[in-house]
1. Of (1) under 17 Å from the mean Cα position of the chain (by Cα); (2) open to solvent by less than 60 Å² (accessible area, probe 1.4 Å), K126 satisfies all except one. Which?
2. One residue is enough: does region 157-170 have a residue meeting the conditions β-branched (V, I, T), in contact with a helix residue (DSSP H, G or I) (Cβ under 9 Å, 6 or more places away or on another chain) and open to solvent by 20 Å² or more (accessible area, probe 1.4 Å)?
3. Sort through Q176, Q200 and tell me the only one that's in the same structural domain as Y257 (by the TED database) and touching a Lys or Arg at 6+ places or on another chain (Cβ under 6 Å).
4. For region 52-70, enumerate the residues that are exposed (fewer than 12 other Cβ atoms within 10 Å of the Cβ) and within 28 Å of the chain's Cα centre (by Cα).
5. Would you check if L110 is over 25 Å from L153 (Cα atoms), surrounded by fewer than 16 Cβ atoms within 10 Å (Cβ to Cβ) and within 26 Å of the chain's Cα centre (by Cα)?
6. I'm checking my understanding of the structure. Among residues of region 87-102 that are charged (D, E, K, R) and under 20 Å from T3 (Cα atoms), which one is modelled with the lowest pLDDT?
7. Any idea which residue in region 140-156 is modelled with the lowest pLDDT, counting only those that are among the small types (G, A, S) and either exposed (fewer than 10 other Cβ atoms within 10 Å of the Cβ) or within 16 Å of the chain's Cα centre (by Cα) (or both)?
8. Give region 71-99 a look and list any residue that's surrounded by 12 or more Cβ atoms within 10 Å (Cβ to Cβ), free of Cβ contacts under 8 Å to residues at least 24 places away in the same chain and within 28 Å of the chain's Cα centre (by Cα), or say none.
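The values are calculated or read from the model by the stated rules, or taken from the named source; none is laboratory data. In this text the structure is predicted, and so the values were computed from the model without any measurement. Ideal geometry is used to build each Cβ from the backbone, glycine not excepted, and the neighbour counts take in all protein chains shown. Note: areas computed on protein heavy atoms with side chains; ligands, DNA, RNA excluded. Shrake-Rupley method; radii C 1.70, N 1.55, O 1.52, S 1.80 Å.
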Amino acid sequence: MFTTRPGTASPIQRTFVGVDFFSVFQEVYLRTNDPRVSNIVKFSDWIGELKVEAAASIKDGKRILFQFDRAAFSFKFLPFKVPYPVPFRLLGDEAKGWLDTTYLSHSGNLRISRGNKGTTFVLQKKTDPRQKLLAAISTGTGVEEAIDEFISLSKSVAKDEPVLLEGEWQMIWSSQVETDSWLENAGNGLMGSQIVKNEQMKFLVSILPGIRFSMIGKFVKSGTKTYDVTMNDAALIVGPFGYPLEMENKINMELLYNDDKIRISKGYNNILFVHLRASDGSK
């Protein structure tokens, strides 16, 4: 977002702190087998970017030590990368440096850092739409706006309509507050988890230790992204025993988004649901 430009900056640093017309990013990945820090100049979405990478290590918890070792241009109109013509091995100490974190906001989205050449950087974290949605759910504010943004962005990159994936899906948010009747909530999928397998759907809710509500039904695809769900096999499970309940619910489910980790749908009474995948249902 901002940087100072001291005259003592190295040629490599001047490449990044001297650009006013392009977006400049910094990637920091330290908790890996190959910790690295990368500086990226993004020219545009249709031209490409220059990425200069450095091997990194941590010192005293706040300082990142790094040494630039490779760089390349990635142009959208070329199927290969073009090496950046800098002989890092011959630069010696000019290719080395450190980066101190002098301030980090409580949310972790704003960072101020100072480099070994005296350059100060102000960086704002680029938030993934999925992270923004999960953050909104955790705080309980702006969830529907975050869902709209997430779905809008996914439509711009998705090639196919969403498909209902098998697995165990844990509900983490719905647009309707639960009613006073836990049986109604459980039967309409307003709580607990859903297990999707072999064209069957199962609502499963833990009520008390050793006591669960279970409701099983079938679903059929009724449109490009809609499913007709009929839930009609309900039971209260106490330990190893099951007690049948006379219940039947018919739900039209509209699948708004689905990948291997998150599902967004409209269900009972057009209520919005967000589910996270707990397992893929293979076991």
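1. In the conditions (1) under 17 Å from the mean Cα position of the chain (by Cα); (2) open to solvent by less than 60 Å² (accessible area, probe 1.4 Å), K126 misses (2) alone.
2. The initial filter retains those residues of region 157-170 that are β-branched (V, I, T), namely 157, 163.
With the extra rule that they be in contact with a helix residue (DSSP H, G or I) (Cβ under 9 Å, 6 or more places away or on another chain), the set shrinks to none.
No, region 157-170 contains no residue that is β-branched (V, I, T), in contact with a helix residue (DSSP H, G or I) (Cβ under 9 Å, 6 or more places away or on another chain) and open to solvent by 20 Å² or more (accessible area, probe 1.4 Å).
3. Values: Q176 fails: touching a Lys or Arg at 6+ places or on another chain (Cβ under 6 Å).
Step by step, each of Q176, Q200 is checked, and only Q200 is in the same structural domain as Y257 (by the TED database) and touching a Lys or Arg at 6+ places or on another chain (Cβ under 6 Å).
4. Within region 52-70, G61 is the sole residue that qualifies.
5. On the way: over 25 Å from L153 (Cα atoms): no; surrounded by fewer than 16 Cβ atoms within 10 Å (Cβ to Cβ): yes; within 26 Å of the chain's Cα centre (by Cα): yes.
No, not satisfied.
6. Filtering region 87-102 for residues charged (D, E, K, R) gives 89, 93-94, 96, 100.
The next check asks that each one be under 20 Å from T3 (Cα atoms); those that pass are 94, 96, 100.
Details: E94: 85, K96: 91, D100: 93.
Of everything passing the filter in region 87-102, E94 is modelled with the lowest pLDDT.
7. Quick first cut of region 140-156, residues among the small types (G, A, S) only: 140, 142, 146, 152, 154, 156.
Still in the list and also either exposed (fewer than 10 other Cβ atoms within 10 Å of the Cβ) or within 16 Å of the chain's Cα centre (by Cα) (or both): 140, 146, 152, 154, 156.
Numbers: G140: 85, A146: 90, S152: 87, S154: 81, S156: 63.
The residue in question is S156.
8. A71, A72, K81
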